[in-house]
Amino acid sequence: MRYLVPALLCFAFALDGCAEQQWRKTGASEAAVAQDLSACNKQARASAVRMGHTGLPPTSDPRFGAPSGPSQADQLMLERQAADACMREKGYALVPVGR
């Protein structure tokens with residue numbers, strides 16, 4: 001019973017972290033946010049292609065039988081991180097919707 005309150009608090013914080021989020025910047029219109037986000041996504045994708053991450057499944061090396069290179073999920077995560085960093089550099093913050 002004594003672990004119930006801390007467990008419920010952890011659960012509540014976890015749910016809050018799953019809330020829908022959006023980029024916000026003081027004084028920026030919705031059109032400006034959409035334009036900056038599009039530019040950051042395009043820049044992140046171009047960077048991934050330059051590094052050889054083309055969105056294709058990793059190839060398997062027959063000598064080892066294991067995939068070589070990042071998985072598609074890893075590629076998408078790297079692109080998302082690069083786009084998020086770009087938005088932060090432009091002065092945006094990711095906040096829950098409605099706040």
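Every number in this text was worked out from the coordinates using simple rules, so none of it is lab data. Computed from a predicted model, the values in this text were never measured in an experiment. With ideal geometry, Cβ positions are generated from the backbone for all residues, glycine too; neighbour counts draw on all protein chains shown.
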For the stretch 37-45, what does the Karplus curve 6.51 cos²θ - 1.76 cosθ + 1.60, with θ = phi - 60°, yield as ³J(HN,Hα) per residue in whole Hz, taken in order and with x for Gly and Pro? 5, 4, 5, 5, 4, 5, 5, 5, 5
Please find the FRET efficiency linking R50 to R80, where r is the Cβ-Cβ separation and R0 is fixed at 22 Å, and quote it to the nearest 0.05. 0.85
If amide H atoms are built 1.01 Å from N in the plane of the peptide, which residues on other chains or at least 5 residues away come under 5 Å of the amide H of Q22? V95, V97
